[in-house]
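Report on the following structure.
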Amino acid sequence: MRNGVFTVIRKPKYLLTVIVIAVGVFTFAVWLPNFSLLAQVLHPGSAGSISEKVSFVWSLYGSIGTNFTIVSATYTIAIAVLFGVNIALLAYYIARAKSGMRGVGSTGATGIGGLVSGIFGIGCAACGTFVLTSVLTLIGAGGLLAVLPFGGEEFGFIGVLLLMYSIYVLTKKINDPLVCDIA
């Protein structure tokens, strides 16, 4: 598995893909609990200079240490990095196997499933699993999180596992020759 990942991320184009996607997913995860605050501060009519607004937006990255538990911060960072690696591997695989792609759709779906599950697990120490709580409250099932042993952080763990599985499958396909097996 390692060989396939390192083969891909040694190429600058794919390393840049990993970094951009990981930063994007991490930014989304950190800013999501503060989205309404961000909207208010960045609104064109709000008070403050551009440098103050940029400084505020930048300071929200520090909320990973204050609004998240150590466990949720760890799997949030892991999900961001693993998703970046997954997208880079998928792009490499598709570029390498333009004709006769076998199983790309199912592998990509696993990676997307890992990201979605990870997003459901995003949360902070004060409010718990942010997205999942909001969704479950809409359907009247907010108490479900109290029943779960880790209070909804299971979705973050599942996200990490699904992304790792997707990376495993992709690296296996990258390392396999692009020929059909002879029976």
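Just a few scattered comments:
- Projecting the Cα atoms of 30, 76, 46 onto the dipole axis of segment 1-103, where Lys and Arg carry +1 and Asp and Glu carry -1 at the beta carbon, places 76 farthest toward the positive end.
- With bins 5 Å wide beginning at 0, the percent of Cα pairs of segment 20-65 falling in each bin runs 5, 21, 29, 23, 15, 6, 1.
- Difference of contour (0.36 nm per residue) and Cα-Cα distance, residue 15 to residue 58: 13.1 nm
- Extension reserve of the residue 91-residue 74 stretch, reckoned as 0.36 nm per residue once the Cα distance is removed: 3.5 nm
- Solvent accessible area, Å² - residue 13, 1.4 Å probe, full protein context: 140
- Global form of segment 1-93, assessed from the alpha-carbon gyration tensor, a/c cut-off 1.5: prolate
- Net charge, residue 71 excluded, C-beta distance under 14 Å - Lys, Arg +1, Asp, Glu -1: -2
The values are calculated or read from the model by the stated rules, or taken from the named source; none is laboratory data. These numbers come from a predicted model, not from an experiment. Methodologically, a virtual Cβ is constructed for each residue, glycine included, from the backbone with ideal geometry; neighbour enumeration extends over all protein chains shown. Areas reflect the complete protein model, heavy atoms only, side chains present, ligands, DNA and RNA absent. Shrake-Rupley method; radii C 1.70, N 1.55, O 1.52, S 1.80 Å.
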